[in-house]
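The values are calculated or read from the model by the stated rules, or taken from the named source; none is laboratory data. Here the structure is a predicted model, which is why all the values come from computation and not from measurement. Please note: Cβ atoms are built from the backbone with ideal geometry, for glycine as well, and neighbour counts cover all protein chains shown.
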Amino acid sequence: MPQSPQDSDAPADEDAAPPATPLRAPREGVPPLLTSAAEVAAFAARLAEGTGPVAVDTERASGYRYSGRAYVVQLRRTGVGSALIDPTGAGPLDALARALNPLEWVLHSADQDLPCLAEIGLRPAALFDTELAGRLLNQGKVNLAAMVEREFGLLLAKQHGAADWSRRPLPADWLNYAALDVELLVELRDALAERLRAQGKAEWARQEFEHIRTAPPPAPRPDRWRKTSGIHKVRGRRRLAAVRAMWTARDTLAASLDRAPGRVLPDSAIVEAARADPATVGELRALTVFGGPRQRKRSALWLGALAEARALPDSALPPQRPAGGVPPAGRWPAARPEAADRLAAAREAVAAVAEAHDLPAENVLEPKVLRELCWEGSESPSGDGTGAGSAARIDALLHAAGARDWQRALTAEALADAFRQHAGH
């Protein structure tokens, strides 16, 4: 809860915020890590004794492990206190799911945690996302530490967020950190909910939360190998095929080891090997990284991938740039100048809506949705108001793209006006 800073003999600056107080430990102390099915079932039975929503968080090991699984689940409910659960050792969480799933969950950046929670059978009946609420309130910095400090005057340390949470046993200070992540989430939710109501944004927030709660798992991204850092240095389709082959070999190995791909082989090594195209063990091991003891034993794997790319017929080589989809906006003026003009007009319209409603422009309408709308085209409307550039047509396109009702209500007419003005020039 908010704590008063120490009194000081120094002159007070009436315009300055009081110094924040470090939040060092949970109110009831750090709960033990529950590692057995019996311990989790006992907590699940107590969960029903609490009141109101439940704060939920997870700790993963994405920088260390291939999977995005949860290694710690943190829960807190008024009247019950906090719990730390090890889902890797507690067995099936059926009892916890029965108690937890019917409740409203409070998460910060829920789309980061919901997938790994769903993997272990935990899915909320209702959701409140404190980060997204902060965005809708146009609060600027919306990381949890910033929001806790702004709301309660408390400093929440975030030094273990990128740690390897798959390690066991977990250090005591890590468990303290994990418990603090849910210590004030419910109180933060209540404060933000009141502000949303006061600003007339409660329904907008409800739609956003429900959109996240019900979103299906993201479709696999095509050509994930093209995200290899430094790939812009690779020229030529056959060299790109080498990147693809090595990336695929690394990904397969990383999945089998449950190790983050970058810890199996860094992207820089893939790019270097693709550009050098070594054909022998000696040539490969002369490159940075590949001469080390870990990579020396994998020389055959990497050389095999390079040989596979070298043997491909021209027809099987990847294009220098991916085909299809909406290209980066920077290429529009040369490729489709009318679309670039539409995008400029649309961005101005969305920015005006955002300013009028005290919202970030990217929350008024997702930039990806706006780019798709402008790239595909919106000719001037027909006389009956149902043409490609009409508000009704734009509303339908936005609906198909996943825009929520409140977003469409704010932007469809504004975009139609922008496109009409663009067409008139």
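Observations on the structure shown:
- Odd one out for N138, checked against (1) at negative phi; (2) modelled with pLDDT of 95 or more: (1)
- G291 vs. criteria surrounded by fewer than 14 Cβ atoms within 10 Å (Cβ to Cβ), part of a helix (DSSP H, G or I) and outside the structural domain of S67 (by TED's automatic domain parsing): no
- Tabulated pairs, the range 308-327, first assigned to a loop (DSSP other than H, G, I, E, B), second of a type in the set (A, V, I, L, M), C-beta under 8 angstrom, 6+ apart or interchain: L312/A241; L317/L240; L317/A241; P318/L240; P318/A241; Q320/L240; P327/A335
- Of all residues in the range 89-98, those that are touching a helix residue (DSSP H, G or I) at 6+ places or on another chain (Cβ under 7 Å) and either of a type in the set (V, I, T) or under 20 Å from A179 (Cα atoms) (or both) total 3.
- Pairs meeting the criteria (first residue in the range 163-181 and farther than 14 Å from R60 by Cα and assigned by TED's automatic domain parsing to the domain that holds R77, second residue modelled with pLDDT under 95 and not in a loop (DSSP other than H, G, I, E, B), beta carbons under 9 Å, at least 6 apart or on different chains) are lacking.
- Listed by position, the helices (runs of 4 or more DSSP H) contained in the range 99-153 that have at least 2 residues being under 23 Å from G200 (Cβ atoms) are 130-136, 144-152.
- Checking each residue in the range 42-67 for being touching a helix residue (DSSP H, G or I) at 6+ places or on another chain (Cβ under 8 Å), surrounded by fewer than 18 Cβ atoms within 10 Å (Cβ to Cβ) and at pLDDT 95 or above picks out A45, G52.
- Search result, residues across the range 36-64 that are outside any loop (DSSP other than H, G, I, E, B) and polar (S, T, N, Q): T51, T58
- Members of the range 232-258 that are surrounded by fewer than 18 Cβ atoms within 10 Å (Cβ to Cβ) and assigned to a helix (DSSP H, G or I): H232, K233, R237, R238, T248, D251, T252, L253, A255, S256, L257
- Flag for R237 being charged (D, E, K, R) and either at pLDDT below 95 or within 17 Å of P318 (Cβ to Cβ) (or both): yes
- Options V72, V40: the member that is touching a Phe, Trp or Tyr at 6+ places or on another chain (Cβ under 8 Å) and either not acidic (D, E) or not assigned by TED's automatic domain parsing to the domain that holds L144 (or both): V72
- When the range 73-84 is filtered for residues that are hydrophobic (A, V, I, L, M, F, W, C) and part of a strand (DSSP E or B), the ones remaining, listed by number, are V73, L75, A83, L84.
- Checking A307, A273, A323 one by one, the residue that is crowded, with 16+ Cβ neighbours inside 10 Å and of a type in the set (G, A, S) is A273 and no other.
- Test: residue in the range 285-296 that is without any contact (Cβ under 8 Å) to a residue 12 or more places away in the chain and under 19 Å from Y66 (Cβ atoms): yes
- Applying the set (1) among the small types (G, A, S); (2) over 21 Å from G325 (Cα atoms); (3) modelled with pLDDT under 95 to A401 leaves exactly one unmet item: (2).
- Residue check, R331 in a helix (DSSP H, G or I) and free of Cβ contacts under 8 Å to residues at least 40 places away in the same chain: yes
- Residue ID - farthest from A126 (Cα to Cα), chosen from residues in the range 160-211 that are assigned to a helix (DSSP H, G or I) and aromatic (F, W, Y): W174
- Screening P87, P92 for residues that are buried (at least 18 other Cβ atoms within 10 Å of the Cβ) and in a loop (DSSP other than H, G, I, E, B) leaves exactly one candidate, P87.
- Unique residue being exposed (fewer than 13 other Cβ atoms within 10 Å of the Cβ) and under 25 Å from the mean Cα position of the chain (by Cα) when the list is G330, G282: G330
- Number of positions in the range 349-371 that are in a helix (DSSP H, G or I) and either more than 17 Å from H422 (Cβ to Cβ) or without any contact (Cβ under 8 Å) to a residue 24 or more places away in the chain (or both): 12
- Of all residues in the range 271-294, none are among the β-branched types (V, I, T) and under 28 Å from Q112 (Cβ atoms).
- Look at the range 392-412: where a residue is at positive phi and a partner is surrounded by fewer than 22 Cβ atoms within 10 Å (Cβ to Cβ) and among the β-branched types (V, I, T), sitting 6+ places away or on another chain with Cβ atoms under 8 Å, you get G402/V369.
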